[in-house]
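Remarks on the structure that follows.
Computed from the coordinates by the stated procedures, all read-outs in this text should not be read as laboratory data. All figures in this text were calculated on a predicted structure; none of them were measured in a lab.
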């Protein structure tokens, strides 16, 4: 059973388009992180959200944490080729389990 | 400074070799992690160290042996690996075990 469902798994779009990636769960998370990873490199932290309903913006990226802290979304406005990469959501379960639960990732390809 | 460093960047080894991967952080984090990642998949947790003590071993084969010499260093000793162990090995650290993890750039391992 996948605790954190991430969708879509793959996304291929043209430069300038908007997109949204979703992470959903039936479990409550005390916090949730979004990472971006390029091939052969380690995941780079984009944001941590901790409060239900929280919205954070990072330039063209908007992150939202669901009110019930069971889901999150990443919206990219006017995607650029430099946004290409594997996007991973990862959450810390509210039950106190001491490690992160990862989604399966969204592979984003932005073509010029 | 939110940097986790890993050496070497790349490693090629035979199935009879013994090698070690190294990870270092100077953020004062008390939790450190080893992950294994295959291409286009999310990281898979291998080991967790909390306050220099092994707290989680995710049923990893004994040919992988972790070591935490001090609070800033984490090693992964490799012996008699198999070709299917070829992967990107990621180290991460966090202030505590339920907090945001920061990843290193990884070691790309090829077992021949």
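Some values worked out for this structure:
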read-out: Cα-based radius of gyration of chain B once divided by 2.2 N^0.38 Å, which approximates compact folds; value: 0.99
read-out: For region A:71-90 versus region B:3-48, the gap between their alpha-carbon centres in whole angstrom; value: 25
read-out: Cα pair distances of the protein assembly as shown binned at 10 Å [whole percent]; value: 8, 33, 35, 19, 5, 0
